[in-house]
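The values are calculated or read from the model by the stated rules, or taken from the named source; none is laboratory data. Here the structure is a predicted model, which is why all the values come from computation and not from measurement. Here the Cβ positions follow ideal geometry from the backbone for every residue, glycine too, while neighbour counts run over all protein chains shown.
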Amino acid sequence: MTDTLIPDREQATAEVADLQLRTDLFIDGDFRPARDGRRFVSENPATGRPIAEVAEGGAVDVDAAVAAARAAADRGVWSRMDPAARKRILLAWADRIDAEARPLGLIETIDAGKPISDTVGLDMPETAACIRWHAEAIDKLYGQVAPAPDGVVATITREPVGVVGAVVPWNYPAQMAAWKLGPALATGNSVVIKPASTTSLSLLRIAELGAEAGIPDGVLNVVTGPGDTVGAAIGRHPDVDCVAFTGSTEVGRRFLAWSAESNLKRVLLELGGKSPQIVFEDVSEMANVAANAAVAIFWNMGENCSAGSRLLVHRSRKADLLEALQAELAAWPVGDPLDPGTKIGALISAQQLDRVLGYVEVGRSEGARLVTGGKRILEDTGGYFVGPTIFDGVRNDMRIAREEIFGPVLSVIEFDTEAEAVEIANDTAYGLAASIYTDDLNVAHRVARELKAGTVGVNAYAEGDMTTPFGGYKQSGFGGHDKSIHAHDQYTELKTTWIVLKPGG
Ligand code: NDP
């Protein structure tokens, strides 16, 4: 954490006024407007007011970006660069992001409504750390020599897939981009990346910092614009070799279809979730459970694919847990994202606000009991704020327990036995993450094995760190993982070279 970098509200507001925003497409090492000159407005979700007009790319701009990426790949300016040199450039890039964590964090805060303590203190340092981690691996990975027959040398090596397309969401704009860019660039690929329309700004500056650090022209291209044109053009493009997507399951399905209909490009999908947190009867520290459960659902306004949105609790401990959670809410002030004291900022858009409030109505009509929250607040700011919302008396067949809400809405579900808890936890189309709270190591190990989820936290809401892979089971993911050395595999082709030696005299 770089807490010392976080400005107070007055200072932050002053610095926002001085930000120089990049708003054009970044293609072949330069900023340029969209070919047809169109632009769209990006607004501040905490005020509802416009902050910038961003170039609205189209399919023709994706063509230009892919052509630049392909030309860079063909020239080998990046893929064939000495590994140590590629590493140095990516490390220099990470250093620049760290050095600019504050202005970048401010951009992220006004563009995404995220609290400044998160954007400056966490998102930007984590973005730099991700790129650094993958960079450091570059000159430490070896190929293999297979145990082939005598007279043969068989090597197994990895090569970049070529041109990687990436389409990323708005909830962690810089970080989700880094989760794709870090391993894709470290393994020598060229990339065309599309940020979410609501949050284009931080990535444009981050790409510029990459060029300043020495990433060759054409290796990293950013095309801003709508998903159904720019995103679809990347998904359909016959010269994109691999597409990495994070976002809704619905859009993820389309990338699979486009791959089948075009060039069978690899598809890596990191999708939604409805992650369970299971609180067993024996937990001794309910305050700790409540603190973790609150992070799981209220951090980032609940706009988190691994949000622990279903809180399964043993019937005998529900009252304790609800009481502890209510007490914990004092630590989750909602307000101006530029205030370092704010823990819950604005939802990303008016549309997302409607979606979240719509689910509150669904919960009520399904018979769940609203314990707290559930309404728009701070409306006079013009921003899209919803406070922490808790539903009790939720059954797992209710829509609020089955569908991804992507807001600060927690569903509390009771259970009686371990088997029932596991059954409810796994009774979902998703399988991204899960948490278990128990003092009993046997329960922890047993249940962790039973859960159909890519990441299981025990006595904590945890996603692991850069050393651990992140991805989902079932409809939460497909084709690969973000983070860790496993993320390198999906951006590389595995090549066998079978060399038959001439017999010696
Ligand atoms: P989307 O899946 O629509 O957006 C994610 C990314 O995909 C954005 O860059 C978006 O671009 C792009 N996209 C959108 N439509 C298409 C398309 N037809 N073809 C190609 N790319 C497309 O999520 P939403 O923003 O609509 O949010 C809806 C819900 O999705 C959320 O409430 C949440 O449940 C889930 N979601 C899950 C995320 C996760 O981390 N797993 C992240 C974001 C959303 P653009 O912004 O221009 O539309």
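A compact table of results
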item: I138 vs. criteria farther than 27 Å from G480 by Cβ, among the hydrophobic types (A, V, I, L, M, F, W, C) and either touching a residue at least 60 places away in the same chain (Cβ under 8 Å) or part of a helix (DSSP H, G or I) (or both); result: no
item: Answer residue from region 230-249, given it is within 19 Å of A71 (Cβ to Cβ) and within 9 Å of the ligand (Cβ to nearest atom) and is surrounded by the most Cβ atoms within 10 Å (Cβ to Cβ) among those; result: I234
item: Of all residues in region 189-208 being within 13 Å of the ligand (Cβ to nearest atom) and of a type in the set (G, A, S), the one that is surrounded by the fewest Cβ atoms within 10 Å (Cβ to Cβ); result: S197
item: Elements of type strands (runs of 3 or more DSSP E) in region 162-261, at least 3 residues being over 13 Å from the mean Cα position of the chain (by Cα) and not charged (D, E, K, R); result: 163-167, 190-194, 220-222
item: Pair list, Cβ under 9 Å, 6 or more apart: region 189-206 residue farther than 25 Å from P160 by Cα, other residue at pLDDT below 95 and not β-branched (V, I, T); result: R205/Q20
item: Residues (buried (at least 19 other Cβ atoms within 10 Å of the Cβ) and either within 12 Å of the ligand (Cβ to nearest atom) or under 22 Å from E403 (Cα atoms) (or both)) located in region 250-266; result: V251, G252, F255, W258
item: Scan of region 38-48 for residues that are closer than 30 Å to I377 by Cα, of a type outside the set (S, T, N, Q) and either part of a loop (DSSP other than H, G, I, E, B) or at pLDDT below 95 (or both), ordered by number; result: P45, A46, G48
item: Sole residue being in contact (Cβ under 8 Å) with a residue 40 or more places away in the chain, of a type in the set (S, T, N, Q) and touching a Gly at 6+ places or on another chain (Cβ under 8 Å), chosen from T127, T109; result: T109
item: Single match in R70, R35 (criterion: modelled with pLDDT of 95 or more and either part of a loop (DSSP other than H, G, I, E, B) or under 25 Å from L19 (Cβ atoms) (or both)); result: R35
item: Selection from region 212-228 of residues that are surrounded by fewer than 24 Cβ atoms within 10 Å (Cβ to Cβ) and over 13 Å from A65 (Cβ atoms); result: E212, A213, G214, P216, P226, G227, D228
item: Hits in region 108-136 (condition: closer than 17 Å to G302 by Cα and either among the aromatic types (F, W, Y) or out of contact with any Ser or Thr (no Cβ under 8 Å at 6 or more places or on another chain) (or both)); result: G113, K114, D118, L122, D123
item: Near pairs, Cβ below 9 angstrom, 6+ apart or cross-chain, from region 304-333 (closer than 30 Å to G113 by Cα and away from the ligand (no atom under 16 Å from the Cβ)) to any residue that is outside any helix (DSSP H, G or I) and among the acidic types (D, E); result: L312/E414; L322/D392; P333/D339
item: Filter result for V289 (within 22 Å of L432 (Cβ to Cβ) and within 14 Å of the ligand (Cβ to nearest atom)); result: no
item: Looking only at region 118-141, and only at residues there that are among the small types (G, A, S) and over 18 Å from the mean Cα position of the chain (by Cα), the one that is farthest from P169 (Cα to Cα); result: A137
item: Residue in region 49-57 that is farther than 23 Å from I234 by Cβ, in contact (Cβ under 8 Å) with a residue 40 or more places away in the chain and part of a strand (DSSP E or B) present; result: yes
item: Residue match in region 148-159 (condition: β-branched (V, I, T) and under 24 Å from A307 (Cβ atoms)); result: no
item: Qualifying positions in region 443-465 - surrounded by fewer than 20 Cβ atoms within 10 Å (Cβ to Cβ), under 16 Å from the mean Cα position of the chain (by Cα) and in contact (Cβ under 8 Å) with a residue 24 or more places away in the chain; result: A462, E463
item: Tally of residues being closer than 17 Å to L203 by Cβ and surrounded by 16 or more Cβ atoms within 10 Å (Cβ to Cβ) across region 51-87; result: 11
item: Residue in region 404-439 that is nearest to the ligand (Cβ to nearest atom), counting only those that are among the small types (G, A, S) and surrounded by 22 or more Cβ atoms within 10 Å (Cβ to Cβ); result: G407
